[in-house]
Amino acid sequence: MTPDELLDVFHRRIRLPDADTIPGWKQEHDGLVHRSYVEGPDGAGFVETPRGLGDDPDAVIAGQLEFFRDRGLPFEWKTYAYDEPADLGDRLARAGFVKGEPETLILGEVDRVLQRPSALPSKVRLREADGPGDYHRIAVLMDTLWHNGLERIEERLAAEGRMFPDRLSVFLVEDALKGPDGPALTAAWVRFHPGTGFASLWGGGTLPEWRRQGLYSAVLVHRARLAKERGYEFLRVDASEDSRPILQKLGLYGVTTTTPYEWEPGS
């Protein structure tokens, strides 16, 4: 499939039916807005508008701000480069959102990835996360790389895995000699979106001293193989500039960009 064809399938199967939400989050459609959120001390929200914002975009934006302000929840408005109106990002910035780093939406067919050879160094091993200790090590790795806090990974990801084991699989690479006593060298997870044909890939961070040794590629191919076994046709990744070239070498395509806009209570 061409990049344009892949983006069309993604839009129809994932964005329009709102199939991209995290399992366990409350999911609502408010007019043209797709909204999901989880409440509580560590609650958060997520918004996107795949059908545009209608005749009064600023009023739609104000309505979502009021909704999350009333609940005291931070939230992300996820935008894609082809979203309407074309100045959506500027409107969000004027409304008090903070623009995040753009990422490339990477899409591709599982079978293309599985045609690429991939192998781990003999001194490491890849396995599925098992228990609180592994989730803590994964959280430490992610916080070291991206400074996004331990709880977000350690608690939320572990809870998601417990509640929806058929929709999430989490993996880590560790030193074969040190095992659980050493750090996680690479960690990544895959979410399955039933009825869409898509599996989405997340994480993938690797300790700097272990990069360029094939760890990222091996974990990606491992997840692609699992997706194939479960009957999924397509892979999706929101990729940083570090990951994008690796993903494209593995047979995936950059089809558009996606930019988060963040809002915090009190901003």
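The values are calculated or read from the model by the stated rules, or taken from the named source; none is laboratory data. This structure is a prediction, so every number in the text was calculated from the model and none was measured. Here the Cβ positions follow ideal geometry from the backbone for every residue, glycine too, while neighbour counts run over all protein chains shown. When the accessible area is computed, the model is the full protein with side chains, heavy atoms only, and any ligands, DNA or RNA have been set aside. Shrake-Rupley method; radii C 1.70, N 1.55, O 1.52, S 1.80 Å.
Is segment 198-207 home to any residue that is open to solvent by 60 Å² or more (accessible area, probe 1.4 Å) and at pLDDT below 90? Please lay out each step first, then the result.
Taking segment 198-207 first, the residues open to solvent by 60 Å² or more (accessible area, probe 1.4 Å) are 202.
With at pLDDT below 90 added as a condition, the list becomes none.
There is no residue in segment 198-207 that is open to solvent by 60 Å² or more (accessible area, probe 1.4 Å) and at pLDDT below 90.
Glu76 versus (1) modelled with pLDDT of 95 or more; (2) touching a Leu at 6+ places or on another chain (Cβ under 9 Å); (3) among the charged types (D, E, K, R): which is the lone unmet condition?
Answer for Glu76: the failing condition is (2).
If Glu264 satisfies every condition in (1) open to solvent by 40 Å² or more (accessible area, probe 1.4 Å); (2) modelled with pLDDT of 95 or more; (3) of a type outside the set (Gly, Ala, Ser); (4) under 21 Å from Trp189 (Cβ atoms) but one, which is the exception?
(4)
Among the candidates Val173, Val190, single out the residue that is within 27 Å of Gly254 (Cα to Cα), of a type in the set (Val, Ile, Thr) and within 17 Å of the chain's Cα centre (by Cα). Don't jump to the end; show me each part of the working.
Working: Val173 fails: within 17 Å of the chain's Cα centre (by Cα).
Unique residue meeting the criteria: Val190.
What's the number of the condition Met1 fails, among (1) modelled with pLDDT under 95; (2) within 15 Å of Glu160 (Cα to Cα); (3) not acidic (Asp, Glu)?
The number of the failed condition is (2).
Give the residues of segment 74-130 that are touching a strand residue (DSSP E or B) at 6+ places or on another chain (Cβ under 7 Å), assigned by the TED database to the domain that holds Leu53 and either basic (Lys, Arg) or free of Cβ contacts under 8 Å to residues at least 12 places away in the same chain (or both), sorted by residue number.
Selection gives Lys78, Lys99.
Restricting to segment 131-142, what's the tally of residues that are open to solvent by less than 50 Å² (accessible area, probe 1.4 Å), in a helix (DSSP H, G or I) and not hydroxyl-bearing (Ser, Thr, Tyr)?
Taking segment 131-142 first, the residues open to solvent by less than 50 Å² (accessible area, probe 1.4 Å) are 131, 133-135, 137-139, 141-142.
Retained after the next criterion (residues that are in a helix (DSSP H, G or I)): 133-135, 137-139, 141-142.
With the extra rule that they be not hydroxyl-bearing (Ser, Thr, Tyr), the set shrinks to 133-134, 137-139, 141-142.
Residues in segment 131-142 being open to solvent by less than 50 Å² (accessible area, probe 1.4 Å), in a helix (DSSP H, G or I) and not hydroxyl-bearing (Ser, Thr, Tyr): 7 in total.
Within the group Pro85, Pro17, Pro41, which residue is assigned to a loop (DSSP other than H, G, I, E, B) and either closer than 20 Å to Arg167 by Cβ or among the aromatic types (Phe, Trp, Tyr) (or both)?
Details: Pro85 fails: either closer than 20 Å to Arg167 by Cβ or among the aromatic types (Phe, Trp, Tyr) (or both); Pro41 fails: either closer than 20 Å to Arg167 by Cβ or among the aromatic types (Phe, Trp, Tyr) (or both).
Matching residue, one of Pro85, Pro17, Pro41: Pro17.
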